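The values are calculated or read from the model by the stated rules, or taken from the named source; none is laboratory data. Quick caveat, the model's predicted, so the values are computed rather than measured. In this analysis, Cβ positions are derived from the backbone assuming ideal geometry, glycine residues included, and neighbour counts consider all displayed protein chains.
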Amino acid sequence: MSLIDVLSLCNYCIMANVLDYNTYQFPLSKGRKPTARELHLRDWYDYNALSPLKRRYFAYIRGLALNLLVWIACNYDIAPATQEEPPVESAPCEVMIEVMTPFLTNQACAILNYKRRAEAQDIPGVPNCTAADVQRQLELLFYDNPNIINDIDFDSDLSLYETFAFGDCSWRVRKRVAPMRLPGIFKTFVVYVLSCLRLAEDDPHTVGTTKGDRMFERGATLGFPSSKGQGAPKQTVNDDGGPEQESDEDGENRDPVNGSEGQTAGRKRKRAS
């Protein structure tokens, strides 16, 4: 397996939720036009048809991939094969910035560019998945995340990103004379042109949790239907994103998304009948 094969696998794991069909669907209207309520919950809490378990799985494998990239950078020196072998090894931070980060960002931009071009040509795709939706998911992944670079402007012209390949360059990979072995995992992140190397959490789930995941977790505490179509808890969210308790004329709790009776109300009515 080549270096590019390993990096491609890591990139896929990092962007798995962006590529998943259920990211752009909703539990109660999968494959159909979403309701205004579902769109509202998506905007506030990244609500979609991914189950909480699948979200945690994606966060975990994303964290594993990020940790693996850092481990490779700390243990191997990577440089273009055409470049003269330098007298000293490059720092792990340089490997992350010059090799791994560009490959990840190039593929992310290519995904969005492909979607924009498909829309311009009226090529149908996944229901409820527009270029704006894909861009939103990429922003939730890359922005406000210290473990992933966050200097990409997805609003810019991405027409130059036409391939998933990483140029025509061959790479020279050699094991470091003194691999970096520290009590933790180093994370590299770029803020505009500045870069630094910091000691961070190495727990895969912690490392792989994104802004979208945190939004969903906040919404889940308020309560909304899961991807299995289960009724929402008593506490829901109002149109301003705050907690709210909806009820019918008899004072029973109702599902905030589809307006049907919640589980508690349904059980009470069944006993009464």
(message) Going through D144, D151 one at a time, which residue ends up being within 24 Å of F216 (Cβ to Cβ), surrounded by fewer than 17 Cβ atoms within 10 Å (Cβ to Cβ), charged (D, E, K, R) and in contact (Cβ under 8 Å) with a residue 12 or more places away in the chain?
(response) D144
(request) Report, by residue number, each residue of segment 65-81 that is surrounded by 16 or more Cβ atoms within 10 Å (Cβ to Cβ) and either part of a helix (DSSP H, G or I) or among the aliphatic types (A, V, I, L, M) (or both). (result) A65, L66, N67, L68, L69, V70, W71, I72, A73, C74, I78, A79
(message) Just the residues that are small (G, A, S) and under 27 Å from R214 (Cβ atoms), please, taken from segment 111-141.
(response) A131, A132
(message) Go through (1) crowded, with 18+ Cβ neighbours inside 10 Å; (2) closer than 30 Å to N67 by Cα for E98 and report which single condition fails.
(response) (1)
(request) Please go through segment 105-146 and pick out each residue that is among the aliphatic types (A, V, I, L, M), touching an Asp or Glu at 6+ places or on another chain (Cβ under 8 Å) and more than 19 Å from L7 (Cβ to Cβ). (result) A131, L140
(request) Filter segment 82-134 down to residues that are without any contact (Cβ under 8 Å) to a residue 60 or more places away in the chain and assigned to a helix (DSSP H, G or I), then give me how many there are. (result) 17
(message) Of the conditions (1) surrounded by 17 or more Cβ atoms within 10 Å (Cβ to Cβ); (2) hydroxyl-bearing (S, T, Y); (3) more than 16 Å from the chain's Cα centre (by Cα), S159 satisfies every one except a single condition; which number is it?
(response) (1)
(message) Take the conditions in a helix (DSSP H, G or I) and modelled with pLDDT of 90 or more and apply them to Y60. Does it pass?
(response) yes
(message) Suppose we keep only residues that are modelled with pLDDT of 90 or more and of a type outside the set (D, E, K, R) within segment 42-51. Which one would you say is surrounded by the fewest Cβ atoms within 10 Å (Cβ to Cβ)?
(response) W44
